[in-house]
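We did not get these values from a lab; they are worked out from the coordinates using the rules stated. The structure presented is a predicted model; accordingly, all values stated were derived computationally and were not measured. All Cβ positions, glycine included, derive from the backbone under ideal geometry; neighbour counts span all protein chains shown.
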Amino acid sequence: MSEKIVHSFEAGRRGKPDELDSGLAHLIGAYFLEQNKDARFDLRVSGGSSADQLEVRISGEVSGSLFTIPTLQNEVKGIVIDYYNRVHKTRLTESDFHIVFRWKPQAETLAANGKAGDSGNPIAVAYRESPLYLPWERVLAVGLRNELDSIFQDDGNTSRAIFHRTKLAELKGLNADGKVSVDALYEGTSFKGLQAITVAAQHEPNILLDDLRRKIHRVIDAYLAEFAEQHDMHLGDPTIVINGLGPWHHGGWRVDEGCREAKSYRDGFGSYGVMEDSFSGEDPSKPSATGTFLARYIAVQVVGNHLADFARVGLRYTIGQEEVGLNITTQDTGKKSQERIESWVRSRIPKLDIGSAIRRFNLTDANLYKKIVQCSDFFHHPEFPWNRFEMKY
């Protein structure tokens, strides 16, 4: 009999400081790619507050050629202010921000050689029976996060699906900060139901906590019911905790120093193995993101072809080298041997190097970076190329 295991995933609201910082880092990276598709960068964005201003520190390594752009800092400032205002539904101006640049120049040739710009061991997983082949806890945490963000952006109006099930038309008083975490129970690789859902939601002071909890609980119940009906499954009876520490009126950068590197697991599959760096704000030569996208693509092809019900794909990159290690495990769900599955993958994708993965997924496309920020997740859009099942066995 397989052992039981709990997997967890936390999805930060778009106004959560480290989530906001991650989006900004990726949008700045998109701007760099618009200027030079071979631009190299490893950005660190950290937000906070100082006196009456919001303070944003932007540092990291950037291709030296980008420093020749005379409007570089002004363009980046505009990106920061515009995105902050969109996420928080504010109308702040440049005078409300203190934006500090502490980046360093980096050699251009390092980004254009097509080899790994760093060493790394990215991993990704896929489940055959779940939406987009994603872990159930991730699907639901991101879905619920998106539901709350949509309510906030739509001035407190709930979606048609939520209203249809609950007759709850409004959830007024939400702010942009918060998070949703979901714990899912598995027996081996078989999903056995949700164990817990935890929500932290910043809200206006005039909103009573009990009223907020009751309404968010109704939204969660309706979302889970809709999801279960769509996928013809039983999700269990999870414990739901909403603002367990009480009222939460003040959030964002004014009370929390954010950093895009603070929550690296929100990018990858941290509870399933090796945890790489945060992907956001990295150029494609880094194996953290590009290697994870390729690992994810391979996992999707394995389960999509019914070669296994579950696949965990690990890749091994060595800085400056083209040879890549490959390890695929299926937790005894494989319909073929491990050696045969790995051999099939290598026959269909003979080059696992970073340069080949960049070309396969068109990772120098700035618009792709922008779509990732809009989705606020790397794996929840069927049109992202690494999520597509397209390679027949």
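Under 16 Å of direct C-alpha separation, and excluding same-chain neighbours fewer than eight residues apart, Lys370 reaches these lysines: Lys37. In plain terms, the residue of Val139, Val302, Val182 with the fewest other Cβ atoms within 10 Å comes first and the most crowded comes last, giving Val139, Val182, Val302. Under the simplified labelling scheme, the Ile319-Glu204 pair shows an inter-label distance of 5.2 nm, with each label point 7 Å from Cα along Cα→Cβ.
Under the simplified labelling scheme, the Ser159-Lys172 pair shows an inter-label distance of 2.4 nm, with each label point 7 Å from Cα along Cα→Cβ.
Within the same chain, aspartates and glutamates fewer than 8 places from Lys4 are excluded, and of the rest, those with a Cα less than 20 Å from its Cα are Glu129, Glu137, Asp183, Glu187, Asp237, Asp309, Asp332.
Sorting Cys259, Cys375 from the fewest to the most surrounding beta carbons within 10 angstrom yields Cys375, Cys259. Site pair Lys335 and Ser50 shows an inter-label distance of 6.0 nm when each label is modelled 7 Å from Cα along Cα→Cβ.
Estimated from helical segments only, the mean residue ellipticity of the chain at 222 nm is -11000 deg cm²/dmol, where each DSSP H run of four or more residues counts as -39500 (n - 2.57). Taking 0.36 nm per residue of sequence separation and removing the Cα-Cα distance, the Lys4/Arg214 pair yields an extension gain of 72.4 nm. The amide H of Thr158, built 1.01 Å from its N in the peptide plane, has Glu170, Leu171 as neighbours under 5 Å, considering only residues 5 or more places off or on other chains.
With the cut-off at under 11 Å, measuring from each backbone N in the range 173-207 to a point 7 Å along the Cα-to-Cβ line of Thr239 picks out 195-198. Listed from fewest to most Cβ neighbours within 10 Å, the set Lys167, Lys179, Lys370, Lys16 follows the order Lys167, Lys370, Lys179, Lys16. Residues considered: Ile123, Ile372, Ile69. Largest GNM mean-square fluctuation over the chain, using C-alpha springs under 10 Å, is found at Ile69. Compared with the alpha-carbon gap, the fully stretched path from Ala228 to Gln73 is longer by 51.0 nm at 0.36 nm per residue. Relative contact order for the chain: 26 percent, from Cα pairs under 8 Å spaced at least 6 residues apart, divided by residue count.
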